[in-house]
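Q: Sharing a structure here in structure tokens format.
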């Protein structure tokens, strides 16, 4: 590429198929679409050169940071896939409690770097999620009950606009651009190369609590789960996972809780409402509660790589017990699959940005994740996701744009935003990208 040292592989070149597979995490979709070219960049200047290259050749642009999107949103037919994964720098100002991070930084790397300074950020639950897509979608991560959605802590962004300019956007300069970046999701109308973040002192103590029960215990657990969640401290994150047990292989309900506090005694106190599950609920093993480091929280929510995945998401204001009743009898088609019912103490949703596109949420939510290996099982696993979503439909109040399957129907995007937000986003897109150089939201 003229004037810049940029790695470019065109469709048909040796290595194209391997490169396309590398940049997409979901192996169900890593060859589903074919961009005309894949460009890997290591600076904002190279990203700008790539955008100008695409414009000159009539190619649309699809940025990629970590490639973890469940529907492989960066992978589009035709156009240019702009790989920002090499933008993995982390600059920390411990005194100001801010950080400047590249779009390709993964959550685990940021957590480790911040911990060295006694700091933390509500990074995503999976260690290998790229910050670019995570923050753009809103980002509900560790200790979100106290720190809010991750995008609420975005101070500014650095981005390449459709005309190939590199801009800094904050609440005073290009305010509409940073407003949109706080929750727009995949298909943004600029290539964000860096984020400026507000970070926090690492909690004085973190306690992780876990107990597993047989799936048949759901009717007994439901009301207790609802009451325990309502009585818990707002900083407590509550995960109720419907999954096969990792040791016995039997269908199970696994409760995983985390509480951050100033000291260990306070963290345990915040979990006190969960101390005595119903005696009639059949446990698999015993309750386990232990103090952990913030960077060890990722071990509570591992998601295997190299798999075929189908996923969806819904928000609700119904109590966790009601979500459990609606889903526990629908057995998954794969032993790796899970339904993650999530809530926070007291039932209040994490705070969103004061100024941002993230406009729909809920006090509880459900992530539906089918995970398998054999292509022959695609239909059965995708059907299971649809059946879980249908079972939860009467309780649904909206969807999270970062995990909802936007390809499932034209109404999906509208379920992720208020009508006013969608209208404003479209107006901002028209102003910053009038020729639609950047691919918009993924569609079926």
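Q: Against the longest principal axis of the chain, how steep is helix 218-231, in degrees 0 to 90 to the nearest 10, with axes from Cα atoms?
A: The answer is roughly 70 degrees.
Q: Which residue fluctuates most in the GNM of the chain (Cα springs below 10 Å): 369, 195, 53?
A: 53
Q: Taking the Cα-to-Cβ direction at residue 77 and at residue 112 and moving 7 Å from each Cα, how far apart do the two end points lie in nm?
A: Placing both labels 7 Å beyond Cα along the Cβ direction yields 4.0 nm.
Q: Mind checking the angle between helix 419-432 and the chain's longest principal axis? C-alpha axes, 0 to 90 degrees, to the nearest 10.
A: Approximately 20 degrees, to the nearest ten.
Q: Angle, helix 378-392 long axis vs. longest principal axis of the chain, Cα atoms, 0 to 90°, nearest 10?
A: 60 degrees
Q: Kindly put 135, 168 in sequence by how many other C-beta atoms sit within 10 Å of each C-beta, fewest to most.
A: Values: 135 29, 168 14.
The most exposed by this proxy come first: 168, 135.
Q: Over the stretch 1-156, what is the relative contact order in whole percent, taking alpha-carbon pairs under 8 Å and six or more residues apart?
A: For the stretch 1-156, the relative contact order is 18 percent.
Q: On a C-alpha basis, how far is the centre of the stretch 108-153 from the centre of the stretch 32-70 in Å? Whole number, if you could?
A: 25 Å
Q: Given the options 158, 56, 247, state which has the largest fluctuation in a GNM of the chain using a 10 Å cut-off (strictly under) for Cα springs.
A: Maximum among the listed residues: 247.
Q: Using only helices, what value at 222 nm comes out for the chain when you add -39,500 (n - 2.57) per DSSP H run of length 4 or more and divide by the total residues, to the nearest 500 deg cm²/dmol?
A: -7000 deg cm²/dmol
Bear in mind that the values in this text are calculations on the coordinates, not laboratory data. As the structure is a computational prediction, the values presented were derived from the model and not from experiment. We place every Cβ from the backbone using ideal geometry, glycine too, and count neighbours over all the protein chains shown.
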